[in-house]
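Down below is the structure, laid out as structure tokens.
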Amino acid sequence: MKKPEDCILVIFGASGDLAARKLVPALFELCRHDLLPDRLLVLGVGRTQFSDEAFREKMVQAIRSHSRPTAADAECLKRFTRMLFYQPLATTEPASYQRLRDRLTALEQQYQVRDRCIYYLATPPQLYPTIVEGLAAHGLAAETALCPFRRVVIEKPFGHDLDSARELDQILHRYFDESQILRIDHYLGKETVQNILVFRFSNGIFEPLWNRHYVHDVQILAAEDIGIENRGAYYDQAGALRDMFQNHLLQVLAFFAMEPPASFDATSVRNETVKVFDSLRPITREMVGQEVVRGQYTSGVVAGEEVVGYRDEPGVGAGSTTETYVAARVFIDNWRWGGVPFFVRTGKRMAARVTEVVVNFRDTPHHLFGQFCKLGAGRNQLVLRIQPDEGIALRFAMKVPGTSFDVRDVAMDFRYADLGAGYIPGPYERLLLDAMQGDATLYIRSDAVEACWEFVDPILQAWATDPTIPLYYYPAGSWGPAEADSLLVRYGAEWRNPCPALTDMAECERAGAEDEETAGGS
Ligand code: BG6
């Protein structure tokens, strides 16, 4: 892989959680794999008054906790730490930006780094406008012949509804061209999400089946066993629809459903994903009760431990109606997908952490072997496992060895772990590298963000205004409210029983088949 050119990465919010948990450990990983530019300077910026030395110490602690360097990495860690610097900044104070500019100039001169700058906004989103205004007012935003590379990386949430997303975009576009803005969705940094594209567009055998003629339904699941951790105040304002569905899940859906792009570059790929969002059949306020199920977890047991219900989590209002689970039936009204239901669901405090895309192919037109009479049995199924136990599994029917023509399902699977010890970059590693390379393919364009909000907004509005739409409760450690099954019934589908590990899938399928046998289901 080509190393990016030298540059300076300015991290706003450097004394915060994201920098310590994700960004700096990811940069260290890249350093460990010799993927960073020969000269990358990382300038942390934040309210806290750190010296360079104090910042370095804090970041070394973060790396020790999150990257676990070994003795063999000692030299690399030393080299990496020398690239870290810190500049205190009050976001609303103009003089702070002046000092930031002076510091950047001094670093550029001292380390002979050309004026190539990436600003990473790892701050609370309400500070984005102030920061970009401050940068622009001090000549730090515009790209010129002398400083041809100035990019700004923005963390989600990009607004909390369509209007606020548009407003944020207007502000950003006042100071930065769209080509300079990188909106990060860490799901697109996941190896297995990117592999959806390679799987589809590098194999001759699957793509011909990837349409309404052969696909019965598609399920996208992102189940988490964790709760809201210490983010109650944020989460109670957001909920599962804003936190996971509007961004991560719709992006995965777009990779799954998009047309082949003309070439693999940012414009072509992002044009195709936007076309998917533009083709989503709107769920109007009136339809929300039928098409979307929301839930909230109550107390329960997760991985053998008792956990409190959502309303008892710190930072959450006692009578909160925020959803921690959402399941929706989604249609893509285009030539390829017309009529195929996409069942999309996500939740906190579910039975296990599983993210996967499941394709259920259409039934055989005639059931030659009478065993295929149970709902869904005999449907071939492809599982793209995003995490954990990343891999791909294909379920198909075979003859049970013996003198009869009994049929059962078996699974054939591939696991990433079997590929050996190759380096698989984590999402932030991949996306930071892309930002340094100036490659926006895996970053979200403003029209995509707005299209996703446009789809989600009526659901939010219906929930906020229509008290007859129920909020269902589910015990922590379950797979969510049973009412979500109603989304599938009409389509003759069932949720796939998600197993924590892909290899367990065969076990689960076996268990399913045995249940069937005991129930006399043939
Ligand atoms: C974040 C959400 O964007 O994604 C979190 O804010 C969620 O609530 C997280 O837990 C899930 O990411 P991952 O990579 O663990 O699936």
Worksheet item: Taking the range 303-326 as the region of interest, how many residues are over 16 Å from Y474 (Cα atoms), in contact (Cβ under 8 Å) with a residue 12 or more places away in the chain and not in a loop (DSSP other than H, G, I, E, B)?
Response: 0
Worksheet item: Identify, please: which residue in the range 355-394 is modelled with pLDDT of 90 or more and among the charged types (D, E, K, R) and is, among those, nearest to I424 (Cα to Cα)?
Response: E390
Worksheet item: Looking at (1) buried (at least 20 other Cβ atoms within 10 Å of the Cβ); (2) over 16 Å from T123 (Cα atoms), can you tell me which one E5 breaks?
Response: (1)
Practice prompt. Test R103 against the criterion of being open to solvent by 70 Å² or more (accessible area, probe 1.4 Å), among the charged types (D, E, K, R), modelled with pLDDT of 95 or more and farther than 25 Å from L431 by Cα, and give yes or no.
Written response: no
Worksheet entry | Single residue of the range 142-175 satisfying the filter (more than 13 Å from the ligand (Cβ to nearest atom), closer than 23 Å to R430 by Cβ and touching a Leu at 6+ places or on another chain (Cβ under 9 Å)) that is most open to solvent (accessible area, probe 1.4 Å) | R151
Worksheet entry | Within the range 1-105, strands (runs of 3 or more DSSP E) holding 1 or more residues that are over 30 Å from R231 (Cα atoms) and touching a strand residue (DSSP E or B) at 6+ places or on another chain (Cβ under 9 Å) | 7-12, 40-46
Worksheet item: If only one of G232, G295 is open to solvent by less than 10 Å² (accessible area, probe 1.4 Å) and under 14 Å from Y325 (Cα atoms), which one is it?
Response: G295
Worksheet entry | Output for the range 37-61, where each listed residue is open to solvent by 10 Å² or more (accessible area, probe 1.4 Å) and either touching a His at 6+ places or on another chain (Cβ under 7 Å) or of a type in the set (A, V, I, L, M, F, W, C) (or both) | F50, A54, V60
Discussion item. Looking only at strands (runs of 3 or more DSSP E) that lie completely in the range 391-501, which have at least 2 residues being farther than 23 Å from T273 by Cβ and either open to solvent by less than 20 Å² (accessible area, probe 1.4 Å) or touching a Cys at 6+ places or on another chain (Cβ under 6 Å) (or both)?
Written reply: 391-399
Worksheet item: E75 passes all but one of (1) among the acidic types (D, E); (2) open to solvent by less than 50 Å² (accessible area, probe 1.4 Å); (3) modelled with pLDDT under 95; which number fails?
Response: (2)
Practice prompt. Could you check how many residues of the range 176-216 are within 15 Å of the ligand (Cβ to nearest atom), of a type outside the set (A, V, I, L, M, F, W, C) and part of a loop (DSSP other than H, G, I, E, B)?
Written response: 2
Item to complete: Have a look at G422, G391, G426, G402 and point out the one that is more than 26 Å from L253 (Cα to Cα) and either of a type in the set (S, T, N, Q) or within 27 Å of the chain's Cα centre (by Cα) (or both).
Response: G422
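The values are calculated or read from the model by the stated rules, or taken from the named source; none is laboratory data. Note that the structure is a prediction, hence the values are computed from the model and not measured. All Cβ positions, even for glycine, are placed from backbone atoms using ideal geometry, and neighbour counts span all protein chains on display. Heavy atoms of the whole protein, side chains included, go into the accessibility calculation; ligands, DNA and RNA do not. Shrake-Rupley method; radii C 1.70, N 1.55, O 1.52, S 1.80 Å.
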